[in-house]
Amino acid sequence: MRWLVLLGICELMLLAISLTLATYIRYGHNADELAEFTVHMPERSMVFATIIVIGMVALGQYQAHIRMTRFGLLARQFVAFALGGILLVVGYYVVPQAYVGRGVLAIALLLGFVLVLGVRMLFLHLVEVEALKRRVLILGAGHRAAQIHNQMRRRTDRRGFCVVGYVPRIDEVVAVPEDHLIRTNLPLQVLVQRQQIDEVVVGVDDRRGHMPMDDLLECRQMGITITDLTSFFERESGRLQLTILDPSWLVFSGGFNATPLRQLSKRCFDLSAAALLLLLAWPLMLLEALAIMIESGPGQPILYRQERVGAHGRTFLLLKFRSMRTDAERDGVARWASKNDDRVTRVGRISRKLRIDELPQIWNVFKGDMSIVGPRPERPQFVADLATQIRYYSLRHCLKPGLAGWAQLSYPYGATVEEAAEKLKYDLFYVKNHNLLLDLLILIQTVEVVLFGRGAR
């Protein structure tokens, strides 16, 4: 995360410099025009840079765990700059005083694209350099510690850190391959010094009588970070690992901010974002209603009301554009939507892909049944079934469900118990760590989901 913040600051500065250079390139031959367009240049440069960075955030360019090819990176950056350019043109129309000229804008976008691409390629190279990564030692080599080896195999899962090895404890059943073990009789603090360790992750299967607390305290005094395995997973993967989660960690680890101030800020954010979304989307909503009417014929319902589970298990009627046939569940049995579901109409297939069918939920946000950002609202039948099969499933209902969410960004549509359990890891991360900044980042990055159609069915 610190690397991404540094990358964002560097790219922000490069983009600001791009607009300044573009102004001098365009008007350098004419002193009068140069003087006119360099007035308030720092402010104009920062506005340009900020808008482009917002476009890059919206396309997932600052996700810590994003996996893509170099072509994918190039394509996303191109779309991000195109999106940023459109926002700038709209902004210049609304605030003419900020206008910099079409030539300057085109040159700045081209310069910024090349500079940012170069820095990003260098960044991706540097984060793979082992010498620059945090050196992590895992205390324990049993089933809990093996989660790191089994669940974080990819290079993209280990950006920013490298696992030096696993130190097995006495009487512990080893579940990590032998070539990853560090068997030694040295005290932990001596091993840490010799291996130049930056962080010790405690992943012992049984802590009762097997925790070298004195050694860990010595390491802590030496400036070494000591982290619990569950907290390590939460920080590095953006999810909670259910197989190693226990109630005591949930109780003592912090988070779950439900103070009156947080509730007020979230409600204000919901109302503001819903009003803005309605202002931008109402023409699209009218077109969607017209398309449904033309395809289904007069007298057929345009909107669809369905019971969903909200905060603290209370149910409410969720509003959507109808995307399935009216007889989709004529037998009254709730079913997951499947890939290429034949119940979906032609208009519905497009609207579900672009998430247009969910826009009427803005009304649910205004009513207070939903938030703009939160776990996906599920049907009571599914919730009752999943709660008996997946541990901690009910925790996702301590917040209002949302139009957008961390799980929707991080994992595709879930239509099985196993997929629901995977999505729950991300839902619990959001429930535990939600704040205004995270809400804003999720809302912006949802643009990527809509543009690329990820997770839709």
Original post:
Could you list, in sequence order, the residues of segment 6-40 that are more than 18 Å from Leu88 (Cβ to Cβ) and either crowded, with 18+ Cβ neighbours inside 10 Å or not assigned by TED's automatic domain parsing to the domain that holds Met56 (or both)?
Top reply: Leu7, Tyr27
Original post:
Which ones in segment 348-388 are under 20 Å from the mean Cα position of the chain (by Cα) and either in a helix (DSSP H, G or I) or among the hydroxyl-bearing types (Ser, Thr, Tyr) (or both)?
Top reply: Lys353, Glu358, Ser371
**OP:** Using the structure shown, decide if Ala145 is farther than 30 Å from Glu43 by Cβ, surrounded by 13 or more Cβ atoms within 10 Å (Cβ to Cβ), in contact with a strand residue (DSSP E or B) (Cβ under 6 Å, 6 or more places away or on another chain) and not assigned by TED's automatic domain parsing to the domain that holds Phe78.
**Re:** yes
Original post:
Here are some residues: Ala404, Ala384. Which one is on the phi < 0 side of the Ramachandran plot, out of contact with any helix residue (DSSP H, G or I) (no Cβ under 9 Å at 6 or more places or on another chain) and modelled with pLDDT of 90 or more?
Top reply: Ala384
**OP:** Go through the residues of segment 229-250 one by one and say whether even a single one is aliphatic (A, V, I, L, M), surrounded by 13 or more Cβ atoms within 10 Å (Cβ to Cβ), under 30 Å from Gly203 (Cα atoms) and in contact with a strand residue (DSSP E or B) (Cβ under 9 Å, 6 or more places away or on another chain).
**Re:** yes
Subject >> Checking Ile170 against (1) assigned to a loop (DSSP other than H, G, I, E, B); (2) within 18 Å of Thr230 (Cβ to Cβ), the condition it does not meet >> reply: (2)
Subject >> One residue from Gly112, Gly103, Gly91 being crowded, with 18+ Cβ neighbours inside 10 Å and part of a helix (DSSP H, G or I) >> reply: Gly112
**OP:** Please indicate, with yes or no, whether at least one residue in segment 225-232 is in a loop (DSSP other than H, G, I, E, B), touching a helix residue (DSSP H, G or I) at 6+ places or on another chain (Cβ under 7 Å) and β-branched (Val, Ile, Thr).
**Re:** no
Original post:
Within the group Arg355, Arg314, which residue is of a type in the set (Lys, Arg), surrounded by fewer than 19 Cβ atoms within 10 Å (Cβ to Cβ) and touching a residue at least 40 places away in the same chain (Cβ under 8 Å)?
Top reply: Arg355
Original post:
When you go through (1) surrounded by fewer than 18 Cβ atoms within 10 Å (Cβ to Cβ); (2) at pLDDT 90 or above one by one for Ile170, which number turns out not to apply?
Top reply: (2)
Original post:
Which one of Gln306, Gln300 is outside any loop (DSSP other than H, G, I, E, B), assigned by TED's automatic domain parsing to the domain that holds Arg376, over 23 Å from the mean Cα position of the chain (by Cα) and of a type in the set (S, T, N, Q)?
Top reply: Gln306
Original post:
Among the listed residues Val192, Val176, Val163, which satisfies the condition of being surrounded by 12 or more Cβ atoms within 10 Å (Cβ to Cβ) and either assigned to a strand (DSSP E or B) or over 36 Å from the mean Cα position of the chain (by Cα) (or both)?
Top reply: Val163
**OP:** Within segment 3-24, track down each residue that is in contact (Cβ under 8 Å) with a residue 40 or more places away in the chain and over 14 Å from Ser45 (Cβ atoms).
**Re:** Trp3, Leu4, Leu7, Gly8, Cys10
Original post:
How about segment 41-66: which of its residues are surrounded by fewer than 17 Cβ atoms within 10 Å (Cβ to Cβ) and at pLDDT below 85?
Top reply: Ala64, His65, Ile66
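The values are calculated or read from the model by the stated rules, or taken from the named source; none is laboratory data. These figures come from a predicted structure and were not determined experimentally. So basically every Cβ, Gly included, is an ideal-geometry build from the backbone, and we count neighbours across all protein chains shown.
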